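Worksheet: the structure to be examined is printed underneath.
The values are calculated or read from the model by the stated rules, or taken from the named source; none is laboratory data. Small disclaimer: the values here were computed from a predicted structure and weren't measured. Cβ placement follows ideal geometry from the backbone for every residue including glycine, while neighbour counts extend to all protein chains displayed. The area values use the complete protein model at the heavy-atom level, side chains included, leaving out ligands, DNA and RNA. Shrake-Rupley method; radii C 1.70, N 1.55, O 1.52, S 1.80 Å.
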Amino acid sequence: MSDATLNGDAVTRATLTVPLLGAWTLDVETDSARVHTGRVTFVASGTTWSGTVVRGGVETGWWSGRVVGGAGGFRRELPARAYRSVTARAIAEGILTEAGERLAEGVTLDEILTSWTRPGVEAGELLRTLVTHLGLGWRVQPDGAVWIGAESWPLYA
């Protein structure tokens, strides 16, 4: 019996990469030929990860593929937009909503931007540009929501 599962199927091999900035990725193989597409749930070591299959297939009796954290919308190209006197939160929420992603609870982005021009590029690039301008970071949490904020690290003696 596997300690890890993907939508209930036992996982035989998995590499979970959780970067400091951006979306986590999971390269995974199950012991089943059941095809996984769309939103999936990966459970390992007591943590549940919600992501989206971006590629995968069945080969020699088992399924293998790649899952990205969230809804998989960070590579979606979004149209250009111009903003005036708007909060950073409104811009971030606009990017995430158009990409099919969602902002995590408790994120506060109250800074008012007098003007902001958003070029027509991928959602992940737009989000990176915004948070870099604000001096913040972003990442996809295990539940698939996007956290944006300042890093805080505990002191180590």
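Would it be correct to say that Ala10 is closer than 18 Å to Gly137 by Cα and either modelled with pLDDT of 95 or more or open to solvent by less than 20 Å² (accessible area, probe 1.4 Å) (or both)?
no
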Spot the failing condition for Leu20; the list is (1) open to solvent by 70 Å² or more (accessible area, probe 1.4 Å); (2) touching a residue at least 60 places away in the same chain (Cβ under 8 Å); (3) in a strand (DSSP E or B), and only one is missed.
(3)
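Taking the stated definitions as given, is Ser45 open to solvent by less than 80 Å² (accessible area, probe 1.4 Å), more than 27 Å from Leu126 (Cα to Cα) and modelled with pLDDT under 95? Show your work before the answer.
Details: open to solvent by less than 80 Å² (accessible area, probe 1.4 Å): no; more than 27 Å from Leu126 (Cα to Cα): yes; modelled with pLDDT under 95: yes.
No: the conditions fail for Ser45.
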Flag for Arg75 being on the phi < 0 side of the Ramachandran plot, outside any helix (DSSP H, G or I) and open to solvent by 80 Å² or more (accessible area, probe 1.4 Å)
yes
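Kindly indicate which of Arg102, Arg89, Arg66, Arg81 is open to solvent by 60 Å² or more (accessible area, probe 1.4 Å), basic (Lys, Arg) and without any contact (Cβ under 8 Å) to a residue 24 or more places away in the chain. Step through it out loud before you land on a result.
On the way: Arg102 fails: without any contact (Cβ under 8 Å) to a residue 24 or more places away in the chain; Arg66 fails: without any contact (Cβ under 8 Å) to a residue 24 or more places away in the chain; Arg81 fails: without any contact (Cβ under 8 Å) to a residue 24 or more places away in the chain.
Unique residue meeting the criteria: Arg89.
Yes or no: Leu26 outside any strand (DSSP E or B), under 13 Å from the mean Cα position of the chain (by Cα) and under 22 Å from Pro142 (Cβ atoms)?
No.
Could you grab me the full set of residues in segment 112-134 that are assigned to a strand (DSSP E or B) and either surrounded by 17 or more Cβ atoms within 10 Å (Cβ to Cβ) or of a type in the set (D, E, K, R) (or both)? Explain how you work it out, then say what you get.
First, pick out the residues of segment 112-134 that are assigned to a strand (DSSP E or B): 112-118, 122.
If the condition is that a residue be assigned to a strand (DSSP E or B) and either surrounded by 17 or more Cβ atoms within 10 Å (Cβ to Cβ) or of a type in the set (D, E, K, R) (or both), then Leu113, Trp116, Arg118, Glu122 are the ones that fit.
Only one of Leu109, Leu96 is among the hydrophobic types (A, V, I, L, M, F, W, C), crowded, with 16+ Cβ neighbours inside 10 Å and within 19 Å of Ala23 (Cα to Cα); which? Quick ask: steps written out before the conclusion?
Values: Leu109 fails: within 19 Å of Ala23 (Cα to Cα).
Only one candidate passes the filter, namely Leu96.
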Which residue pairs have Cβ atoms closer than 8 Å, lie 6 or more positions apart in sequence or on different chains, and pair a first residue in segment 113-140 that is under 12 Å from Ile91 (Cα atoms) with a second residue that is open to solvent by 40 Å² or more (accessible area, probe 1.4 Å) and among the β-branched types (Val, Ile, Thr)?
Leu113/Thr87
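Which ones in segment 24-42 are of a type in the set (Gly, Ala, Ser) and open to solvent by less than 50 Å² (accessible area, probe 1.4 Å)? Can you show your working first?
Of segment 24-42, the ones of a type in the set (Gly, Ala, Ser) are 32-33, 38.
Once the filter is applied, which keeps residues that are of a type in the set (Gly, Ala, Ser) and open to solvent by less than 50 Å² (accessible area, probe 1.4 Å), segment 24-42 yields Ser32, Gly38.
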